[in-house]
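Written below as structure tokens is the structure these notes are about.
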Amino acid sequence: ATTASSARAGTATKTGKAATARTSTKSAAGGKGAAGAGSGGKGGGGGRRRFFNYPRYGKGPIRRWIPSWRFVLGAILTGIALVCGIVIAAYVSLAVPTPDSVTLPEKSTVYYATGEPMTVFADQDREIIPGDQIPQHVRDAAVAAEDRSFYDNSGIDPKGLTRAFIGNVKAALGDGRVTGGSTITQQYVERYYTGETTTSYAGKFKEMLLAVKIDRQEKKEDILANYLNTIYLGRGAYGIQVAATKYFGIPASELTVSQGALIAGIIPSPSNWDPQSNPEKAQERWKYVLDGMLAEGFLTQAEYDEASATFPETIPYEQTNRKEGPQGYLIDMVERELAALPEPITREDLDSGGLTVRTTIDYGIQSMAVDSVNAMPQDSSPNLKKSVVTVDSATGGYLAVYGGADYLASQFNSATMDVAQAGSTFKPFTLMAALQEGKTLKDTFDGNSPKVFRDYDNYKATNFADTSYGRVSLEKATQDSINTAYLELNDEIGPQLTVDAAVAAGIPADSVDLDPVLSNVLGTASVHPVDIARAYTTFSTNGESRTPHIVATVTKKVDGEDAVVYTANTTAERKFTPENTAELTYALTQVVEKGSGKTASELGVPIAGKTGSTNENKSAWFVGYTPQFVTVVSLFQSGPNGEQESITPFGGYRNVTGATVPADLWTDYMGKVLAGRPVLEFPERPSPPKPTATPTPTPEPTTEPPAPTTGLVPDGLVGSSADAASGAIAAAGLTPSVSEQFDPSAPGTVISINPGSGSEVPLGSTVA
């Protein structure tokens, strides 16, 4: 052993010497090179190694630039660590909003007062419903259609993502089509949290992280319910609730297995695969979903056989403009009224706020109004404007408004925007002012025609057809709408009181030509039909005024409950005493029972009303009310530049006045409205005060003759003027009444008297 050790040592010594010899040889070649070699030997042999050995020391000119396997492995591991760090940091820092904090645009629905939908406002027609209202088989259908690994995956599906990546690469090379690998959770993230479809790789990366994080934070049932509440399903429907109504006319809770499978099947391309436009593809997808539900164990074989027996039939779908036809005017009124509230509800609020708007419009009554207008004679001028307004006396809410045939053809509402001279519908305002001043219906006035009012620049007035009535009571003047008698009344009380009474009733103070002039009693002011409706509603409620409105309530779902956003003010404000209003209403019932509005008496119920006509027949009105309803019918005609023109006769009428077409339309329409309803009576007229019972004193003897009870018809009236004769008859304590007939004598000349001159008749008797 010793010898062997020595031998090995000797070998080592020899080797060392040889190395020394070689080194010495190189050193002899050049001192500078030797020094360099020594330095290199120190660094490469027994010295310190460099931490980052690249380019590689001691290698050839090419090999020194080729990384070592250690370098490559280190770089890969470092890269992996870096990517993992970035992903982990992004995951940790990514904030996931709670579902409660995510505001999705929801449709707002406007309803008639009777519950029928009027229209929908929506950026996205969506109605979010609680998850428990979505049947389990509808949920399962979505899973079978879109993500069969949904209940098992962690929010993303690696296999699906790989398939999508390969497919997209092939598509980029022109061999295939772009495909998606998103799970239901990823689609839920897109629509619920980001609100848009993600296409960029950065967006997909964030989407996947969100999907994983949400899958850990939320229950699968909640994710699926929110997904079905947000996805687009065609026909303008966002979410399963709206889709169920648009495809089958039922809520989501009533969908069958077969119906749910059809809707789920078209999720990838609902507009293109709608069964109405592409029944073959829709049926193919429907079968695919049902097969998937069977394969995944969501359906038994018996349930599958039943669901797949018949392809479900959908209801027709046609996109329409919601403001088409007469209904468009109602929708426009709703928008305007909401926007004018102290806290406005804007169009943006309607489009995305998920509001429920209840109007005051009664669907049945509105339909009757439209039908009655459509039933009018069709030979009228195309320039004729027609409007109908019905108000609920108890609330002031509009029950029906006809503002035109088609909103798309003309956006000018004839009931709320157009104005026309009010005509004789203004006389009740003068009557109310007179009653407030102590006048009674028994007071008499000169009803002859023509009549000149010298204190008003010799204003000359005439009655309709220039008929003279003699001296008439205020009741008679109202019944027959006698202009000259009402002008005399307006003169006595002062035209300003007529203006005041009109404004108190509800006529806007800034109405065109609402001036304190003598002729304002004849309705020279131009007003909207809704203004007249409001004013007469004050009469129908025994003197109480309410604000007219079309919106009753606005609500919004909060935590599943209806929270009130707005409620219309229906509080009444007293404007006139019940006694004066009852007296006025009685006078207007006589218009219907005996006077110019007699057409409406055909209905056989208590009705108070007033006809309205203007000079040259530029407008024609009939306003009638019961204790429940106030309805205004108005006709007026506009020229090419918007100017009012005389109504062209139509329907067989020689002239269109308030007593003709408007009264006929009112009677036809309100006959339908009042049919089957209880008959209500107006308040009784006030009784005159009873005298206090006091002892009757013994009359003192008197030599004065008793007051006369009869009078004599004056002599010499034949051949005189009608005005002179009427004055003489009135002076005799009798009542003149003038009628006309053809005679060769000069116009305005009295040709006969009845009873004859000298006849003795009771005082107050009428002399014709």
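The values are calculated or read from the model by the stated rules, or taken from the named source; none is laboratory data. The structure displayed is predicted, hence computed values, not measured ones. No Cβ is skipped: glycine too gets one built from the backbone with ideal geometry, and neighbour counts run over all protein chains shown. Protein only, heavy atoms only, side chains kept; ligands, DNA and RNA dropped before computing areas. Shrake-Rupley method; radii C 1.70, N 1.55, O 1.52, S 1.80 Å.
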Local charge sum around S481 (other residues, Cβ-Cβ under 13 Å, Lys/Arg +1, Asp/Glu -1)?
+3
Simple spin-label model, 7 Å along Cα-to-Cβ: A394 to R574 in nm?
2.2
Which whole-Hz couplings ³J(HN,Hα) result when phi for each residue of region 144-151 is put into the Karplus expression 6.51 cos²θ - 1.76 cosθ + 1.60, θ = phi - 60°, listed in order with x for Gly and Pro?
5, 7, 10, 6, 6, 9, 3, 6
Highest mean first, what order results for 740-748, 107-115 on Cβ atoms within 10 Å?
107-115, 740-748
In vacuo Debye sum over C-alpha of region 537-690, base-10 log of normalised intensity I(q)/I(0) at q = 0.18 Å⁻¹, listed in q order, is -1.09
From highest to lowest solvent-accessible area (probe 1.4 Å; ligands, DNA and RNA excluded), E573, E643, E280 read E280, E573, E643
Environment charge at T245 (Cβ cut-off 13 Å; Lys +1, Arg +1, Asp -1, Glu -1)
+1
Under the Karplus curve 6.51 cos²θ - 1.76 cosθ + 1.60, θ = phi - 60°, whole-Hz ³J(HN,Hα) for region 404-418, x wherever Gly or Pro sits:
x, 7, 7, 4, 5, 7, 8, 8, 9, 6, 5, 8, 10, 10, 6
Principal semi-axes in Å for region 527-590 [√(5λ), Cα gyration tensor, largest first]:
34, 13, 8
How much accessible surface area, in Å² rounded to 10, belongs to the heavy atoms of Y653 with a 1.4 Å probe?
70
Any chance you could get the radius of gyration and Dmax over the Cα atoms of region 407-514, in Å?
16.0, 53
Roughly how much of R685 is accessible, in Å² to the nearest 10, using a 1.4 Å probe?
90
Pairwise FRET efficiency - L77 versus D291, Cβ, R0 = 35 Å, nearest 0.05:
0.15
Under-5 Å amide H pairs with Q637, H placed in peptide plane, nonlocal only
K385, E645
How much of the pair distance distribution for region 428-581 lies past 28 Å, counting alpha-carbon pairs only, in percent?
31
Set K385/K610; K439/K610; K476/K618; K246/K672 screened for pairs whose C-alpha atoms are more than 31 Å apart
K246/K672
Principal axis lengths of region 589-652 from Cα atoms, whole Å, largest first?
42, 24, 20
Starting from the Kirkwood Rh over alpha-carbon pairs, what translational D in µm² s⁻¹ does region 473-518 have by Stokes-Einstein at 20 °C and 1.002 mPa s?
188
If one puts a single equal scatterer on every Cα of region 339-423 and applies the Debye formula without solvent, what log₁₀ I(q)/I(0) results at q = 0.17 Å⁻¹?
-0.93
Once L77, L338, L497 are ranked on solvent-accessible area with the largest value leading and a 1.4 Å probe, the list reads L77, L497, L338
Could you pull the accessible area for D457 with a 1.4 Å probe, rounded to 10 Å²?
150
Heavy atoms only, 1.4 Å probe, whole protein assembly: order I507, I80 by accessible area, highest first.
I80, I507
